[in-house]
Amino acid sequence: MAGAGKSPGYARNPDYMIEFEPSPRRVRVKFAGETVADTLDARLMRESRHVPIYYFPREDVRMDLFTATDHHSHCPYKGDASYWSLSAGFGVAENVMWSYAEPFDEVLKIGNYVAFYWDRMESWWEEDEEIFVHARDPKKRVDVVLSHRPVTVVLGGETVAETTNARFVFETNHQTRYYIPAGDVRMDLLRESKTRTRCPYKGIASYFSATVEGKEFDDIAWTYADPIDECPRIKDLICFFDENVGATMVDGAEIEKVETKWTRPPP
């Protein structure tokens, strides 16, 4: 197919990564009770600074449910995207599907595929299991390792956790996290909050806030009461945001605080 020429994005940033590889998994997307895409020929796009995205061949999409719109967007690495709105059952979603009909030369193979905004669909499935948040990256690892090295967490001047039975969680592109048995945590200082988040690699997390010496620390720790089958060893353990506590010590040495998107100013 004809392309749109050389990408200006790659000219400025030749190390930018876009991978577009076949997935061996059957992938389905549902909206308003309808299956709008069902394929054995999905492509997984891994792109710098983005979460993985599934792309679908048009012949495996219910194109009769979609209407082309005048909306367009531009990516300096991929080209100009055209959009479609979706109407199915009692649901309507505007500009929810896109495609690069004439992509830049460096990514020509994406031209015959379409993609959807993840959070505007009803549900996503790999084989017969529902998946959440975004497509899972086959090149990402989450390793949960038992360690008897002493771990201590200090919050508001108080030791709120102290253990020699932590699980160290080593997750690709994330700092090491320390999951601690509840019996080694000052649970009397914690109270469960209403916050819930999802992780495609671990499951649904619930959160704890703390009151220490009259200071409030909102959503300072979390736990996975029912992690997904691939990550059972963190079940019911407590993990603190190291970037927001007073100090986390491993083997008696304070670990360096790493600024993350969860970093908050002290109360």
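The values are calculated or read from the model by the stated rules, or taken from the named source; none is laboratory data. The structure presented is a predicted model; accordingly, all values stated were derived computationally and were not measured. We place every Cβ from the backbone using ideal geometry, glycine too, and count neighbours over all the protein chains shown.
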Any chance you could count how many residues in segment 111-132 are in a loop (DSSP other than H, G, I, E, B) and under 28 Å from D80 (Cβ atoms)? 4
Pairs where the first residue, in segment 138-167, is over 16 Å from A182 (Cα atoms) and the second is at pLDDT below 95 and of a type in the set (D, E, K, R), C-beta under 8 Å, 6+ apart: V142/E230; G156/E213; G156/K215; G157/E213; E158/E213
When the residues of segment 16-61 are narrowed to those that are of a type in the set (D, E, K, R) and out of contact with any Asp or Glu (no Cβ under 7 Å at 6 or more places or on another chain), which ends up surrounded by the most Cβ atoms within 10 Å (Cβ to Cβ)? E47
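Per-residue answers, yes or no, for (1) surrounded by 14 or more Cβ atoms within 10 Å (Cβ to Cβ); (2) at pLDDT below 95; (3) of a type in the set (G, A, S); (4) within 15 Å of G156 (Cα to Cα):
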{"position": "G214", "(1), (2), (3), (4)": "no, yes, yes, yes"}
{"position": "D218", "(1), (2), (3), (4)": "no, no, no, yes"}
{"position": "W222", "(1), (2), (3), (4)": "yes, no, no, no"}
{"position": "P227", "(1), (2), (3), (4)": "yes, no, no, no"}
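Can you pull out the residues in segment 209-248 that are hydrophobic (A, V, I, L, M, F, W, C) and either in a strand (DSSP E or B) or in contact with a Cys (Cβ under 6 Å, 6 or more places away or on another chain) (or both)?
A210, V212, F217, I220, A221, W222, I238, C239, F240, A247
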Kindly indicate whether G9 is part of a loop (DSSP other than H, G, I, E, B) and touching a residue at least 24 places away in the same chain (Cβ under 8 Å). no
For the structure I just gave you, tell me whether Y117 is of a type outside the set (D, E, K, R), without any contact (Cβ under 8 Å) to a residue 40 or more places away in the chain and in the same structural domain as M63 (by TED's automatic domain parsing). yes
Close pairs from segment 88-110: first at negative phi, partner assigned to a helix (DSSP H, G or I), Cβ under 7 Å, at least 6 apart: A88/L65; A93/R120; V96/R120; Y100/I110; P103/I110; E106/Y10
Looking at (1) over 20 Å from the mean Cα position of the chain (by Cα); (2) among the polar types (S, T, N, Q); (3) more than 20 Å from P181 (Cα to Cα), which is the only condition T263 fails? (1)
